[in-house]
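Asks: Structure below; questions to follow.
The values are calculated or read from the model by the stated rules, or taken from the named source; none is laboratory data. Predicted model only: the values in this text are computed from it and were never measured. Neighbour counts run over all protein chains shown; Cβ positions are idealised from the backbone, glycine included.
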Ligand code: SF4
Ligand code: SF4
């Protein structure tokens, strides 16, 4: 079946360097640096990545960071809490705009 | 749950297991025989460095039936070591410079001659390091085992115990319902006599292995997390955490195949091949003894029935140190489990 998303394509991520290698190299260097143990642990970064993956709804990233968080020793409760953080921020981002709606509604109302 | 053997599963036959491992190389990885990989880094044929550890499998009988068990152990397995074979082990420990005796199973404590054997090993030497791989729940399985912590202490045993996670659901999904709570009770009993407690001199190490088809976390980071969670949640202490990779044999292989994870898991192990871990595989300083006295390069080769390639020295009764030290270690595709990422051994990560 033809589909835009194929799980097998995730493994080809490195191949983006086949076109415009210098840019890909810079990106992957940066990527590697970002996920290193730093002021945040590698485990904390992985949970952030999992949450962001859900916020941007990237199936590749969800696949990759579900595995990665498990390989960093996280369990389902922690993973789901991370997704709820993403959902709360997304939901909150919609709802906080209600203040604009309210402002406008008040402006137009007697 | 029953053992694969009791279910008469094809995978309880080691010849068939090896065929599956050889025949099912993931696509794109056809040229990756483990021996070739070792040749590429000048490690083939793989030779021992020296024999320091005697790992003795006292039998396949166990009170648990963990889903990942590479021994295919369980209450329905009756194969256990006789006192006669133990006597041969004692002779080897006495005559050769064995630094560590590592007792495993199954649940080694279920062997009726377990306490006698431990006592005899301790009589030979005060300094030999004796490890018991205790599954924890055995301590609370029956009143006759409740004093095991005291017995371990009296004989200065190092206790190494599996606890795949610091929560019940992940632990129980791998090791069986109720195992987490029982393990916590057993850990309390071990702590109570001093195991894992700073300054006691009594070592309690825990083993983490992933509850599924993924790689273990970095050992140091996970140890910190385990220490924090066990201390805060249950007021428990321990010494070190060993992270272990599940090898694709026996019940874990059965799980991989049935869950459709086999190919991706092998790919992961092969891609994560680490030459440093390869140089440090545990078979280079260990001999593994089966319940019936036969000798193997490691507990995994034992389960695959790959006896040591040491002519005239394949049984503990015929121990020939020179032949064993000069042997070639038998390596197959399952060995990728020992060399992936940070490496894996009975003592945790190897690089
Ligand atoms: S993993 Fe250990 S405790 Fe679990 S069934 Fe196998 S021998 Fe028993
Ligand atoms: S599976 Fe056994 S023989 Fe193979 S590398 Fe690991 S310890 Fe050595």
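Asks: Among the residues of the range B:59-76, which ones are within 17 Å of residue B:13 (Cα to Cα) and near ligand 1 (Cβ under 9 Å from one of its atoms)? Quick ask: steps written out before the conclusion?
Replies: The first filter runs over the range B:59-76 and keeps only residues within 17 Å of residue B:13 (Cα to Cα), leaving B:60, B:68-74, B:76.
If the condition is that a residue be within 17 Å of residue B:13 (Cα to Cα) and near ligand 1 (Cβ under 9 Å from one of its atoms), then B:60, B:68, B:69, B:70, B:71, B:72, B:73, B:74 are the ones that fit.
Asks: Do the conditions hold for residue B:269, that is, is it surrounded by 22 or more Cβ atoms within 10 Å (Cβ to Cβ), within 14 Å of another protein chain (Cβ to nearest Cβ) and either at pLDDT below 95 or more than 16 Å from ligand 1 (Cβ to nearest atom) (or both)?
Replies: Taking the combined requirement at face value, the residue satisfies it.
Asks: Further, regarding this structure: Being within 16 Å of ligand 1 (Cβ to nearest atom), assigned to a loop (DSSP other than H, G, I, E, B) and under 28 Å from residue A:71 (Cβ atoms) narrows it down to one residue among B:247, B:253; which is it?
Replies: Values: B:253 fails: assigned to a loop (DSSP other than H, G, I, E, B).
Going through B:247, B:253 in turn, the sole match is B:247.
Asks: Here's a follow-up. Quick check: anything in the range B:105-116 modelled with pLDDT of 95 or more, at positive phi and in contact with a strand residue (DSSP E or B) (Cβ under 8 Å, 6 or more places away or on another chain)?
Replies: yes
Asks: For the range A:69-104, which residues satisfy the criterion of being surrounded by 15 or more Cβ atoms within 10 Å (Cβ to Cβ), within 14 Å of chain B (Cβ to nearest Cβ) and part of a helix (DSSP H, G or I)?
Replies: A:69, A:70, A:71, A:78, A:79
Asks: Please verify whether residue B:221 is over 21 Å from residue B:303 (Cβ atoms) and modelled with pLDDT under 95, treating the condition exactly as stated.
Replies: Yes.
Asks: Of the residues A:40, A:10, A:47, only one is outside any helix (DSSP H, G or I) and surrounded by 13 or more Cβ atoms within 10 Å (Cβ to Cβ); which?
Replies: Of the residues listed, the single one that is outside any helix (DSSP H, G or I) and surrounded by 13 or more Cβ atoms within 10 Å (Cβ to Cβ) is A:40.
Asks: Filter the range A:28-52 for residues that are under 8 Å from the mean Cα position of the chain (by Cα) and in contact (Cβ under 8 Å) with a residue 24 or more places away in the chain and give the result.
Replies: Passing the criteria: A:48, A:50, A:51, A:52.
Asks: Only one of these conditions is not met by residue B:145: (1) touching a residue at least 40 places away in the same chain (Cβ under 8 Å); (2) over 18 Å from residue B:175 (Cα atoms). Which number is it?
Replies: (1)
Asks: Having 1 or more residues that are more than 24 Å from residue B:208 (Cβ to Cβ), in contact with a helix residue (DSSP H, G or I) (Cβ under 9 Å, 6 or more places away or on another chain) and more than 10 Å from ligand 2 (Cβ to nearest atom) is the bar; report the helices (runs of 4 or more DSSP H) wholly within the range B:289-351 that clear it. Steps first, please.
Replies: Numbers: elements: B:299-303, B:321-325, B:336-339.
Where helices (runs of 4 or more DSSP H) fall fully within the range B:289-351 and carry at least 1 residues being more than 24 Å from residue B:208 (Cβ to Cβ), in contact with a helix residue (DSSP H, G or I) (Cβ under 9 Å, 6 or more places away or on another chain) and more than 10 Å from ligand 2 (Cβ to nearest atom), they are B:321-325.
Asks: Kindly check whether there is at least one residue in the range B:9-20 that is in contact with a helix residue (DSSP H, G or I) (Cβ under 8 Å, 6 or more places away or on another chain) and farther than 22 Å from residue B:250 by Cβ.
Replies: no
Asks: I'd like the full set of residues that are within 14 Å of ligand 2 (Cβ to nearest atom) and closer than 21 Å to residue B:121 by Cβ, limited to the range B:53-81.
Replies: Listed by number, the residues that qualify are B:53, B:55, B:57.
Asks: Specify which of the listed residues (B:65, B:71, B:101) is surrounded by fewer than 21 Cβ atoms within 10 Å (Cβ to Cβ) and within 17 Å of the chain's Cα centre (by Cα).
Replies: Testing whether each residue is surrounded by fewer than 21 Cβ atoms within 10 Å (Cβ to Cβ) and within 17 Å of the chain's Cα centre (by Cα) leaves just B:65.
Asks: Can you tell me which residues in the range B:222-242 are within 11 Å of another protein chain (Cβ to nearest Cβ) and either over 22 Å from the mean Cα position of the chain (by Cα) or touching a residue at least 24 places away in the same chain (Cβ under 8 Å) (or both)?
Replies: Hits for the range B:222-242 are B:224, B:225, B:226, B:229, B:241.
Asks: Of everything in the range B:197-221 that's more than 12 Å from chain A (Cβ to nearest Cβ) and within 23 Å of the chain's Cα centre (by Cα), which residue is farthest from residue A:42 (Cα to Cα)?
Replies: Among them, the one singled out is B:202.
Asks: Do you know which of the residues in the range A:55-68 that are away from chain B (no Cβ under 14 Å) and free of Cβ contacts under 8 Å to residues at least 24 places away in the same chain is farthest from residue B:170 (Cα to Cα)? Show your work before the answer.
Replies: Residues of the range A:55-68 that are away from chain B (no Cβ under 14 Å), as a first pass: A:55-62.
Checking the rest, the ones that are also free of Cβ contacts under 8 Å to residues at least 24 places away in the same chain come to A:56-58, A:61-62.
Details: A:56: 29, A:57: 27, A:58: 27, A:61: 24, A:62: 21 Å.
Filtering first and then ranking leaves A:56.
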